[in-house]
Each structure stands twice: as structure tokens, then as C-alpha cells.
1. Which condition breaks for Glu112 when tested against (1) outside the structural domain of Ala149 (by TED's automatic domain parsing); (2) closer than 30 Å to Ala149 by Cα?
2. Somewhere in region 14-34, is a residue exposed (fewer than 10 other Cβ atoms within 10 Å of the Cβ), among the small types (Gly, Ala, Ser) and modelled with pLDDT of 60 or more?
3. Has region 98-112 got any residue that is surrounded by 10 or more Cβ atoms within 10 Å (Cβ to Cβ) and modelled with pLDDT of 95 or more?
4. Considering region 91-112 alone, what residues qualify as being farther than 29 Å from Gln133 by Cα and either within 31 Å of the chain's Cα centre (by Cα) or in contact (Cβ under 8 Å) with a residue 12 or more places away in the chain (or both)?
Amino acid sequence: MLRLLRKGSGIKPIHPTSVSAARCFAQKLPIEDKAGEQQNTNDPIKFFGSQAATWRARDTRSGGSDEALWYQPYVISFSLGIFLLYFCVLREESDVDQRLEGDLYDHVSGLEEVQLTVNYKYNKEHGLDTKEQEKRLIELGVDLSQLNAKMAAQ
């Protein structure tokens, strides 16, 4: 509503602005204008010729994009750049960084075997080469004959 009042020059708002006017609407009593004339509250409010007729839904959904400062994207980009410079270059390594440098299979036991088994089954079903998976599964101590028997049973 404030945006509507700001765009229009000197146009009065549609809603009542005083408490007595709101009570008159609630009680369906006639409202007195500033000039002392009575208005009938049972008459419908005219849509055409009012501010509501010229209001577009896009103005409501825009979320105040016209109120953004012109230098806002530059400030955000600069702040993000400074943060990335600090985080990626200037910051000292911590013990968490050193733990994350390793292989994921070293941190989670059994993950490599499960991943290779799933990959082996997929390649076998789609007729793809399985030599690399078979080699690594044998290195890990997985019996391929049991694995093939499980696949055949499914």
C-alpha cells in the first residue's frame, strides 16, 4: 500500500484510516465524510477508476526490487571474493583439512567393497567390461563365485 501511495501523487487510500470509520464499517452504519456528507456503506466500492484497477500483480510479487541500491551487487561480490581469498589461500590448515585430504574408503570401512559390488553387478547386467572390478574385488578378498551366485538368484 505504501508503494501504491508513493507512486500515485496525492491519491487517498481506499481503506478507512480512522477507528471510528472502521467501527462504522463493522456496524454497517453510514460514514460521515470530512465535509459532513453521509456515505452508504452498503453500496459496492467502484473498481474501475480506483487505484485497484491500475494495480498489477507483478508490482505485488516484485518484493521491492526497485528499492535495491545500485552498488549492492558490487559489495556482495567484493565480500564474497575476500572471503574466498581468506578461506582458500590465507587460512592455515587444520586437523580437519588433513583428515579430509585422505580417501573416503579409508574413513568408511566396507564402502569400497559395496561400491565395487554394485558397479560389478551393473556392468554385468548391461554387458560392460568388469575386469577392473573383478581384479579389485579379488584384492579385497571377495569370492566372485558367491557374488555371481547371488546375482543369479535375484
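The values are calculated or read from the model by the stated rules, or taken from the named source; none is laboratory data. Being a predicted model, the structure only gives us computed values, none of them experimental. Counting neighbours? That spans all protein chains shown, and the Cβs are built from the backbone with ideal geometry, glycine included.
1. Failed condition: (1).
2. No, region 14-34 contains no residue that is exposed (fewer than 10 other Cβ atoms within 10 Å of the Cβ), among the small types (Gly, Ala, Ser) and modelled with pLDDT of 60 or more.
3. Residues of region 98-112 surrounded by 10 or more Cβ atoms within 10 Å (Cβ to Cβ): 99-100, 104-108, 111-112.
Okay, now just the ones that are also modelled with pLDDT of 95 or more, so none.
Checked against the condition, which is being surrounded by 10 or more Cβ atoms within 10 Å (Cβ to Cβ) and modelled with pLDDT of 95 or more, region 98-112 yields no hits at all.
4. Within region 91-112, Arg91, Val96, Asp97 qualify.
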